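Q: Take this structure first; my questions come after.
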């Protein structure tokens, strides 16, 4: 069978005669600043999830809750609320301002965390911690969308990879040994500053 020799040979960038692929667009410094801010928010997001486990004994003593009640608050109740809210928050982020949705989620999450500290009984703590899940659920979908806006397709994988390091970093910082070291270091710095000002 005769071969068709009229077809153009294929080169490294496509068919011969075609222009080479355009160079990858480099992200702006503003994109990296935005990524760093989103990364910090994601780290704090996961760091806050470790606190009920670290402070389980003081919480149980002050609120008179059982192990089962505390486990349901940090497990079942939080997970159900988080999963159910993530989808409508993602839809809202697509339809409105992603930055405003993220800012509102951080505000709700921060206010609910303070309410957890002021809870006087099991019901108040459960409602406050479920609201924490509501706020945290609003952080990830808008963040993915913002990263996709700032970074071109050729650089987006690296940016998303760096962003997704946030959960293990937050979990590591929330471990009792690391948290204790950070608190001791902060206390030592505070005492040092007081000594200099005296």
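FYI, it's all coordinate maths here, none of it is from the lab. Predicted model only: the values in this text are computed from it and were never measured. With ideal geometry, Cβ positions are generated from the backbone for all residues, glycine too; neighbour counts draw on all protein chains shown.
Q: Averaging sequence separations of C-alpha pairs under 8 Å and six or more residues apart, then dividing by the length of the range 27-197, give the relative contact order as a whole percent. Display every interim value, and only then the final one.
A: Details: 160 pairs, mean separation 60.8, N = 171.
Relative contact order of the range 27-197: 36 percent.
Q: For the range 27-197, restrict the atom set to alpha-carbon positions and state the Rg and Dmax in Å.
A: Rg then Dmax for the range 27-197, in Å: 18.1, 54.
Q: Ranked highest first by average number of other Cβ atoms within 10 Å, how do 135-146, 117-128 line up?
A: 135-146, 117-128
Q: Still on this structure: Going by Cα centres, the range 80-98 and the range 99-165 are how many Å apart?
A: About 11 Å separates the Cα centre of the range 80-98 from the one of the range 99-165.
Q: Residue separation times 0.36 nm, minus the C-alpha to C-alpha distance between residue 165 and residue 110: what's the value?
A: 17.6 nm
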